[in-house]
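The values are calculated or read from the model by the stated rules, or taken from the named source; none is laboratory data. Here the structure is a predicted model, which is why all the values come from computation and not from measurement. No Cβ is skipped: glycine too gets one built from the backbone with ideal geometry, and neighbour counts run over all protein chains shown. When the accessible area is computed, the model is the full protein with side chains, heavy atoms only, and any ligands, DNA or RNA have been set aside. Shrake-Rupley method; radii C 1.70, N 1.55, O 1.52, S 1.80 Å.
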Protein chains: 2
Amino acid sequence: MQTPPFEDQPCSVAQALGEIGERWTLLILREAFFGMQRFTDFQARLGVARNILTARLNKLVATGILTRNVAPGRGNPRFYRLTEKGRDVLPAFIALMQWGDRWIAGEAKAPVRVVDTATGEEIARLRVCARDGRPLVAREMRVVPGPGADVSIHRRFGATASGGEAPEAAFAFRRG
Amino acid sequence: MQTPPFEDQPCSVAQALGEIGERWTLLILREAFFGMQRFTDFQARLGVARNILTARLNKLVATGILTRNVAPGRGNPRFYRLTEKGRDVLPAFIALMQWGDRWIAGEAKAPVRVVDTATGEEIARLRVCARDGRPLVAREMRVVPGPGADVSIHRRFGATASGGEAPEAAFAFRRG
DNA sequence: ACTTTTTGGTTGCGTTTCGCAACCAATCGT
DNA sequence: ACGATTGGTTGCGAAACGCAACCAAAAAGT
């Protein structure tokens, strides 16, 4: 899923998709979140073709999202485990799950619930918040160049000092 | 990116990926978040092939993530706009962006920052929290069957009343 | 030692999707 | 009427995917 373009876009979402956006990859990580570690387990749970699974696992190891360890045993089974980088996909994963629950399955028909072990209550919906914890709606956010912004980003999102506001206010969804 | 399998999995992430997991789709939504509305704008910003863009936009309209409106003007320009369902992708989008910022670009080299317009401060990192707002780490969460769980989900995540715990505690990352 | 099983692949091949460039139709401005 | 603009569609070669068969290493079984 990455022939030439869009890996090199100055956008962390594009780069994230380059690492975990291919078909099956996020579902492999789902199984890893659920405790699966072995090639055979992933294959049986997902029904993914073996050559594809091999390619995905190799890439996930190469990008530092999983580690591979060989253990003694019948055919030297490999154990794939999440790294810190891999575990940190969880918020994005859960955000996606909550979106699917809400807009596809319907919340009343969610296949699984993630609950707080301490209370048994379902976890909260992930929200975008200010640093002080205030929930924010899209209209209250703005996109500005970051420390790694290139010229194109500055042109697009930079404070247009020379007269006027940015042409398109990011995250300010207009309705009419 | 959806020949036969994995759309029908009883998993909201799988279903979400079926709608927005194809190549380019999330980047089209990015441009929509940034205010783009027209076919030509998406095409120019992304560099995506026109036939692909057409297919993606049609699907996004069909799944209720975008709306298409024709306006008077030179060639009857179409305006693609986010629906509520589409706007609600933003948390997942930002979670993915923050992951990319942290683990690929490096936080000191993030291409863009999303700031709270009121304070100018960067927004908080998205976290998984309990309903009372307590931040949760993976070890403190558990996956249990939801209201729409089928037999396979119950077998996998159901409380094993008949002796013993669930064989693999989801989200309890083991290290050794 | 020899065979069998398990594990985790690899290889070939047909199908689908992607990417590119050329072509096209409707509409509005002039 | 004419030409520019918009938003496509079509055809074709390249890449990715999906399936099934084949394979090699290593440990268990005998």
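Taking the range A:41-61, which residues are open to solvent by 30 Å² or more (accessible area, probe 1.4 Å) and either farther than 28 Å from B:V144 by Cβ or away from DNA strand D (no atom under 12 Å from the Cβ) (or both)?
Of everything in the range A:41-61, those that are open to solvent by 30 Å² or more (accessible area, probe 1.4 Å) and either farther than 28 Å from B:V144 by Cβ or away from DNA strand D (no atom under 12 Å from the Cβ) (or both) turn out to be A:D41, A:A44, A:R45, A:A49, A:R50, A:N51, A:I52, A:T54, A:A55, A:N58, A:K59, A:V61.
Of the residues in the range A:8-24, how many are closer than 25 Å to B:Q15 by Cβ, part of a loop (DSSP other than H, G, I, E, B) and more than 7 Å from chain B (Cβ to nearest Cβ)?
Adding up the residues that qualify gives 3.
State whether one or more residues within the range A:67-85 are under 30 Å from B:D101 (Cβ atoms), within 16 Å of DNA strand C (Cβ to nearest atom), more than 7 Å from chain B (Cβ to nearest Cβ) and β-branched (V, I, T).
yes
Which residues, taken from the range A:112-159, are touching a residue at least 24 places away in the same chain (Cβ under 8 Å) and in a strand (DSSP E or B)?
Within the range A:112-159, A:M141, A:R142, A:V143 meet the criteria.
One residue is enough: does the range B:61-75 have a residue meeting the conditions basic (K, R) and part of a helix (DSSP H, G or I)?
Taking every residue of the range B:61-75 in turn, none turns out to be basic (K, R) and part of a helix (DSSP H, G or I).
Looking only at the range A:1-40, how many residues end up being over 23 Å from B:V48 (Cα atoms) and open to solvent by 50 Å² or more (accessible area, probe 1.4 Å)?
Of the residues in the range A:1-40, 3 are over 23 Å from B:V48 (Cα atoms) and open to solvent by 50 Å² or more (accessible area, probe 1.4 Å).
Out of A:N51, A:N76, A:N69, A:N58, which single residue is under 20 Å from the mean Cα position of the chain (by Cα) and not aromatic (F, W, Y)?
A:N58
Would you mention how many residues in the range A:62-80 are away from DNA strand D (no atom under 16 Å from the Cβ) and either of a type in the set (A, V, I, L, M, F, W, C) or surrounded by fewer than 20 Cβ atoms within 10 Å (Cβ to Cβ) (or both)? Show your work before the answer.
Taking the range A:62-80 first, the residues away from DNA strand D (no atom under 16 Å from the Cβ) are A:64-67, A:80.
Those still in the list that are either of a type in the set (A, V, I, L, M, F, W, C) or surrounded by fewer than 20 Cβ atoms within 10 Å (Cβ to Cβ) (or both) too: A:64-67.
Selection size over the range A:62-80: 4.
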